[in-house]
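Structure first, commentary second.
The values are calculated or read from the model by the stated rules, or taken from the named source; none is laboratory data. As the structure is a prediction and not an experimental result, all values here were calculated from the model. Cβ coordinates were reconstructed from backbone atoms using ideal geometry, including for glycine residues, and neighbour counts include every protein chain displayed.
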């Protein structure tokens, strides 16, 4: 698998403020990559550097093997881009916006009609001037223009802002479909559940630096699981059972329900509870949001 | 130059340009129609020796007793200046500053367009916008030539030459606006700067024509290089057109240089 996006040592300052400070990451072709961080962490500056909209102070960016500094046009020919917080041309209709943007790309916007249908942009919607569009409709149009020409790499900065849950679900489906077809998606989002659902790997950026990169399931799976053990009757002595690798064990007053955190190998835990009068063992994997905040706290 | 950006820029400004075309045609015709009323002895007494401040205000001449003066007045009237500047600004101001403020430039430059071809397309579209307004003015003058008393005395070549020089002036000013827009991220700030520059130059030319000791100041104003009364009288300086063309070219080159190096951030 080749690299769809490679960033090495990216540095970008605005006056005395260093927005991005040595960011390096690599996204493979066919991957859905999540880019996480709070406001002001450097996500958008990193993306705008990739797109050639801001000039890095240092570092190297390659899109599908093309150095952005030397062949930006060649690199962008393979990219679909959805920026954060945008407005379109108010005097144009939605259809005209798509036609205009479609005409600027070397590939024909072959998927425009299908994507409009998927995101419920009707003919009458598309014939209205975009100044009359709601935030969600503009966002849908933004998604369509990013995917309409079948780019190999889609870079989306907060792509689901303003979308209702149904449309968010459709966007996640579109991302998965794009990846199944061999395409790559670089997804920056505040919506952690969406990133968790859609991405294969994530990078967490904090104060302009990457503080964690890895498979999404590792970021969550390596961390704690929330477990609840329910017994039929209290154990002799009334105390909690021996639960290997369990932390923060809390028993309810009846002595039959124990809540605890667990990390690492589950095998020892399962063997330990096998001989107990177990009614139920609930194991909830930690959510990405919890892992995200954990990473942030540990790096602070 | 990116031809699609060029075409869509004109398409977006289409209605504005249509209005400016009609307004310029009507304005030029009405000035000539109204000025033709200044005939007869009473007008000679009133306008035979107009005050210098009035002449300076109209760019150096205020001969309302002859068709040549009427036309010169139409071409240098502040409202004509506003119409022609407005035509160029309709495209040039929106080229970068408004696009960055809105965020729509991200969509265009996130495609394989390139900054230089993008800005050259915007510059060409701004020049065409000026040409559309000039064409409107020309139509107004040609209609007046057919319908207003004594206007037929002005030769067609003279009229075309006047509008050609007018085009060079306002196209140059549009390129200056493009330069301002290329470095700004807020439309309102770009408007203020661009209008300020044009008004400053107009005022400099006015002061230079009004006060003898400041006559050198006129060379610093592009308005000095567009004197329709001189063109109509066949006395226009051979350096006027090259100076205006050079100003426009230099402003466009500076705009491309500035735009190519800036960060597109709001």
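Quick check on residue B:266: is it within 14 Å of chain A (Cβ to nearest Cβ), assigned to a helix (DSSP H, G or I), surrounded by fewer than 19 Cβ atoms within 10 Å (Cβ to Cβ) and out of contact with any strand residue (DSSP E or B) (no Cβ under 6 Å at 6 or more places or on another chain)? No: the conditions fail for residue B:266. Against the condition modelled with pLDDT of 90 or more and within 14 Å of chain A (Cβ to nearest Cβ), how does residue B:135 come out, does it pass? Judged against the criteria, residue B:135 is not a match. With the requirement that a residue be closer than 15 Å to residue A:85 by Cβ and more than 11 Å from chain B (Cβ to nearest Cβ), what does segment A:135-155 give you? Of everything in segment A:135-155, those that are closer than 15 Å to residue A:85 by Cβ and more than 11 Å from chain B (Cβ to nearest Cβ) turn out to be A:135, A:136, A:139, A:143. Across segment A:20-58, the qualifying residues are those that are without any contact (Cβ under 8 Å) to a residue 60 or more places away in the chain and assigned to a strand (DSSP E or B), and the one among them that is nearest to the other protein chains (Cβ to nearest Cβ) is A:58. For residue B:93, the test of being in contact with a helix residue (DSSP H, G or I) (Cβ under 9 Å, 6 or more places away or on another chain), in contact (Cβ under 8 Å) with a residue 60 or more places away in the chain and either away from chain A (no Cβ under 13 Å) or under 17 Å from residue B:10 (Cα atoms) (or both) is passed.
Just checking, how many residues over segment A:81-92 are closer than 22 Å to residue B:9 by Cα, within 19 Å of the chain's Cα centre (by Cα) and more than 7 Å from chain B (Cβ to nearest Cβ)? Residues in segment A:81-92 being closer than 22 Å to residue B:9 by Cα, within 19 Å of the chain's Cα centre (by Cα) and more than 7 Å from chain B (Cβ to nearest Cβ): 1 in total. The residues of segment A:173-212 that are part of a loop (DSSP other than H, G, I, E, B), under 14 Å from the mean Cα position of the chain (by Cα) and farther than 29 Å from residue A:17 by Cβ amount to a single one, A:200.
Yes or no, residue by residue, for (1) more than 24 Å from residue B:114 (Cβ to Cβ); (2) over 15 Å from the mean Cα position of the chain (by Cα); (3) buried (at least 16 other Cβ atoms within 10 Å of the Cβ); (4) within 14 Å of another protein chain (Cβ to nearest Cβ):
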position: B:206; (1), (2), (3), (4): yes, yes, yes, no
position: B:214; (1), (2), (3), (4): yes, yes, no, no
position: B:218; (1), (2), (3), (4): yes, yes, yes, no
position: B:238; (1), (2), (3), (4): yes, yes, no, no
position: B:244; (1), (2), (3), (4): yes, no, yes, no
position: B:258; (1), (2), (3), (4): no, yes, yes, yes
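Here is a yes/no grid of residues against (1) touching a helix residue (DSSP H, G or I) at 6+ places or on another chain (Cβ under 6 Å); (2) within 11 Å of chain A (Cβ to nearest Cβ):
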position: B:83; (1), (2): yes, no
position: B:88; (1), (2): yes, no
position: B:101; (1), (2): yes, yes
position: B:117; (1), (2): no, yes
position: B:122; (1), (2): yes, no
position: B:127; (1), (2): yes, no
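On the given criteria, is residue A:115 over 26 Å from residue B:187 (Cβ atoms), more than 8 Å from every other protein chain (Cβ to nearest Cβ), in a loop (DSSP other than H, G, I, E, B) and out of contact with any strand residue (DSSP E or B) (no Cβ under 6 Å at 6 or more places or on another chain)? Answer is no for this residue. Among all positions in segment A:59-76, there is no residue which is in a loop (DSSP other than H, G, I, E, B), closer than 30 Å to residue A:116 by Cβ and at the interface with another protein chain (Cβ under 10 Å from one of its Cβ atoms).
Would a scan of segment B:19-29 turn up a residue that is part of a helix (DSSP H, G or I), within 22 Å of the chain's Cα centre (by Cα) and within 14 Å of chain A (Cβ to nearest Cβ)? The answer is yes; a qualifying residue exists.
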